[in-house]
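S.K.: What follows is a structure written as structure tokens; I'll ask about it next.
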Amino acid sequence: MKNNKTNTFRLATTAFVTLAVVVSSCGATSSSAAEIGGQKISRDELELTITELSDAGQTPVVDGEIAGDTARSVLTALIQGAAAKEILKKYGQEITKADRDEISVSIKQNTDTSEFTDHLKELIIELNAGGLALKRIVAPDAETAAKMYNATPASLGVMCVRHLVVKEEATAKEALKKISGGAEFAEVAGEYSIEPNAKESGGALSGDKNACMLLSEYQSGFDPDFTAGALLAKPGVASAPVKSSFGYHIILIRPFVEVATDISALLEANAGELLFNGYISTSKIKVDSAYGRWNSARGAIVAN
């Protein structure tokens, strides 16, 4: 299931100020470029940010046009900034002056901002200060975590998955019928899955010393069709066949009681970042079609 992509956006200065070169220009069709959690990101704000980045030599301009991927990268960053504020508010935190001051010092030490406008500097500071504030979020208690997981597993920013993969859809349906008939998923995975270690792992996709993996690892390193299928799966219920570049998968989100300790360990290590990524990957995010569409399996805007 893994692919070779490993780049993910993080609320860090260099991630925002070194946006990459890209391909086609875009024309927006509404006053809002995007919306998340009731927060609207205006087209004017997006275009101003892109223009200021361009004037500062941070984004390429070809024949007077900004590339489409550049606009998508900037808009994704603005959406992430809005999402961070929503999560901070939900968990009783906020960006403080100390956060902003710390980021400001870091930028001055590591980045030449002599060509940046005051608006651009403030925006970059605000986006990255959100990352510091997220670190203060305390992990939800076990009861709350269980409710969140059972309703929408990925909302915790972790994925606790078993799967099997076969070459033919008919074979996947045959395996699913056995599981639906009461057979243990791990046993069926060992019998059917073409993965080399399926008999030993029972189809478990595990992290380092943990039964679960970070959602961000799926978004950056796994086949996007597989990740999309995993995001839609429900705890304890084997999914219908999901097609990816590797074949046909049956996906099972492991029950909370089976992985509660593993989830707790991951949340204790970095609750804010996990809850942020869970929120942005499970929320309804509207994007003006002129810029592309939101892809939860990637945690970013992609071309239509």
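S.K.: Might you let me know whether segment 105-113 holds any residue that is modelled with pLDDT under 95, outside the structural domain of N270 (by TED's automatic domain parsing), within 28 Å of L48 (Cβ to Cβ) and acidic (D, E)?
M.R.: yes
S.K.: Now, a different point. Go through (1) touching a Phe, Trp or Tyr at 6+ places or on another chain (Cβ under 9 Å); (2) more than 23 Å from A146 (Cβ to Cβ); (3) not in a helix (DSSP H, G or I) one by one and return the number of the condition F226 breaks.
M.R.: Only one criterion is unmet by F226, namely (3).
S.K.: Filter segment 216-258 down to residues that are hydroxyl-bearing (S, T, Y) and touching a strand residue (DSSP E or B) at 6+ places or on another chain (Cβ under 6 Å) and give me whichever is surrounded by the fewest Cβ atoms within 10 Å (Cβ to Cβ).
M.R.: S239
S.K.: May I ask you to verify whether V237 is within 19 Å of A146 (Cα to Cα) and outside any helix (DSSP H, G or I)? Before you say what the answer is, go through the steps one by one.
M.R.: Values: within 19 Å of A146 (Cα to Cα): yes; outside any helix (DSSP H, G or I): yes.
It is true that V237 is within 19 Å of A146 (Cα to Cα) and outside any helix (DSSP H, G or I).
S.K.: A further question on this structure: Only one of V74, V138, V105, V158 is over 15 Å from Y279 (Cα atoms), within 19 Å of the chain's Cα centre (by Cα) and among the β-branched types (V, I, T). Can you tell me which?
M.R.: Values: V138 fails: within 19 Å of the chain's Cα centre (by Cα); V105 fails: within 19 Å of the chain's Cα centre (by Cα); V158 fails: over 15 Å from Y279 (Cα atoms).
The match here is V74.
S.K.: While we're on this one: Kindly indicate whether any position in segment 197-211 is in contact (Cβ under 8 Å) with a residue 40 or more places away in the chain, hydroxyl-bearing (S, T, Y) and either farther than 23 Å from K284 by Cα or touching a helix residue (DSSP H, G or I) at 6+ places or on another chain (Cβ under 7 Å) (or both).
M.R.: Scanning segment 197-211 turns up no residue that is in contact (Cβ under 8 Å) with a residue 40 or more places away in the chain, hydroxyl-bearing (S, T, Y) and either farther than 23 Å from K284 by Cα or touching a helix residue (DSSP H, G or I) at 6+ places or on another chain (Cβ under 7 Å) (or both).
S.K.: Output the number of residues of segment 198-217 satisfying the condition of being of a type in the set (A, V, I, L, M), part of a helix (DSSP H, G or I) and within 17 Å of L267 (Cβ to Cβ). Can you show your working first?
M.R.: First, pick out the residues of segment 198-217 that are of a type in the set (A, V, I, L, M): 198, 204-205, 211, 213-215.
Still in the running and part of a helix (DSSP H, G or I): 198, 215.
Narrowing the set further to residues that are within 17 Å of L267 (Cβ to Cβ) leaves 215.
Within segment 198-217, residues that are of a type in the set (A, V, I, L, M), part of a helix (DSSP H, G or I) and within 17 Å of L267 (Cβ to Cβ) number 1.
S.K.: Among the residues of segment 9-67, write down those that are polar (S, T, N, Q), at pLDDT 60 or above and in contact with an Asp or Glu (Cβ under 6 Å, 6 or more places away or on another chain). Working first, answer last.
M.R.: Of all residues in segment 9-67, those polar (S, T, N, Q) come to 13-14, 18, 24-25, 29-32, 39, 42, 49, 51, 54, 58-59.
When the remaining residues are screened for being at pLDDT 60 or above, the result is 30-32, 39, 42, 49, 51, 54, 58-59.
S30, the sole residue that qualifies.
S.K.: Being surrounded by fewer than 21 Cβ atoms within 10 Å (Cβ to Cβ) and either under 18 Å from I107 (Cβ atoms) or modelled with pLDDT under 95 (or both): is that true of K121 here?
M.R.: On the way: surrounded by fewer than 21 Cβ atoms within 10 Å (Cβ to Cβ): yes; either under 18 Å from I107 (Cβ atoms) or modelled with pLDDT under 95 (or both): yes.
Considered against the rule, which asks whether it is surrounded by fewer than 21 Cβ atoms within 10 Å (Cβ to Cβ) and either under 18 Å from I107 (Cβ atoms) or modelled with pLDDT under 95 (or both), K121 comes out as yes.
S.K.: Checking the conditions here, which among K243, K234 is more than 28 Å from A139 (Cβ to Cβ), modelled with pLDDT of 95 or more and not assigned by TED's automatic domain parsing to the domain that holds R72? Step through it out loud before you land on a result.
M.R.: Details: K234 fails: more than 28 Å from A139 (Cβ to Cβ).
Answer to the check: K243.
The values are calculated or read from the model by the stated rules, or taken from the named source; none is laboratory data. The model shown is predicted, which means the values in this text are computed figures rather than measured ones. With ideal geometry, Cβ positions are generated from the backbone for all residues, glycine too; neighbour counts draw on all protein chains shown.
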